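The structure under discussion appears below in the form of structure tokens.
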Amino acid sequence: MKWTPLMFFYLLCAIAGLIVPWYYNLQFMMHGDEPFTIRKFIGDGMATPLSSSLTTDFLIGASAAFVWMIVEGTRLKMKRLWMFVAVTFLVAFAFSFPLFLFFRERKLSLN
């Protein structure tokens, strides 16, 4: 397999998507005025019109991306597709989607 510039770019985005969101998640968990709960995390995502815009934008875009990832991954016979959806909720969409794109590009380069 030959690494392409696109593969490097996707992998770099995945690494940034792992580090940057979790920096802010940890700030939220450690320095919030209340103990961390998923309910508070989601509620704070809808606290203002701007945060509601970003949250709903993410939810709609991620829903379309999940469907595309499953359809495209199935079409390419990629393994462990469930992992990308699960990692979204365990880590971040900013990590899982570029990671999927990296593995997709890798699969395409092998064909």
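Look through the stretch 69-79, keep the residues that are of a type outside the set (Asp, Glu) and within 19 Å of MET7 (Cα to Cα), and return whichever of them is nearest to the chain's Cα centre (by Cα). Once the filter is applied, the top-ranked residue is MET69. Scanning for something in a helix (DSSP H, G or I), more than 15 Å from LEU18 (Cα to Cα), free of Cβ contacts under 8 Å to residues at least 24 places away in the same chain and of a type in the set (Lys, Arg), does the stretch 76-93 turn up at least one residue? No; the residues of the stretch 76-93 include none that is in a helix (DSSP H, G or I), more than 15 Å from LEU18 (Cα to Cα), free of Cβ contacts under 8 Å to residues at least 24 places away in the same chain and of a type in the set (Lys, Arg).
Please enumerate the residues belonging to the stretch 90-103 that are more than 8 Å from the chain's Cα centre (by Cα) and surrounded by fewer than 19 Cβ atoms within 10 Å (Cβ to Cβ). The answer is LEU90, and nothing else.
Here's a check for you: in the stretch 11-25, which residue that is within 12 Å of the chain's Cα centre (by Cα) and open to solvent by less than 70 Å² (accessible area, probe 1.4 Å) is nearest to PHE100 (Cα to Cα)? Spell out how you get there, then give the answer.
Of all residues in the stretch 11-25, those within 12 Å of the chain's Cα centre (by Cα) come to 13-22.
If we keep only those that are open to solvent by less than 70 Å² (accessible area, probe 1.4 Å) as well, we get 13-14, 16-17, 21.
Details: CYS13: 11, ALA14: 9, ALA16: 14, GLY17: 12, PRO21: 17 Å.
Of everything passing the filter in the stretch 11-25, ALA14 is nearest to PHE100 (Cα to Cα).
Of the residues screened, LEU54 is not one that is over 16 Å from PHE93 (Cβ atoms), open to solvent by 60 Å² or more (accessible area, probe 1.4 Å) and in a helix (DSSP H, G or I). Residue check: MET78 meets all listed conditions (1) touching a Phe, Trp or Tyr at 6+ places or on another chain (Cβ under 9 Å); (2) open to solvent by 40 Å² or more (accessible area, probe 1.4 Å); (3) of a type outside the set (Gly, Ala, Ser) but one, namely (2).
In the stretch 1-10, which residues are open to solvent by less than 80 Å² (accessible area, probe 1.4 Å) and part of a helix (DSSP H, G or I)?
Going through the stretch 1-10, the residues open to solvent by less than 80 Å² (accessible area, probe 1.4 Å) turn out to be 4, 6-7, 10.
LEU6, MET7, TYR10, listed by residue number.
Please specify each residue of the stretch 26-51 satisfying the condition of being assigned to a helix (DSSP H, G or I) and open to solvent by less than 90 Å² (accessible area, probe 1.4 Å).
Within the stretch 26-51, LEU26, GLN27, PHE28, MET29, LYS40, PHE41, GLY43, ASP44, SER51 qualify.
The values are calculated or read from the model by the stated rules, or taken from the named source; none is laboratory data. These numbers were taken from a predicted model, which means no experiment stands behind them. We place every Cβ from the backbone using ideal geometry, glycine too, and count neighbours over all the protein chains shown. SASA here: full protein model, heavy atoms, side chains in, ligands and nucleic acids out. Shrake-Rupley method; radii C 1.70, N 1.55, O 1.52, S 1.80 Å.
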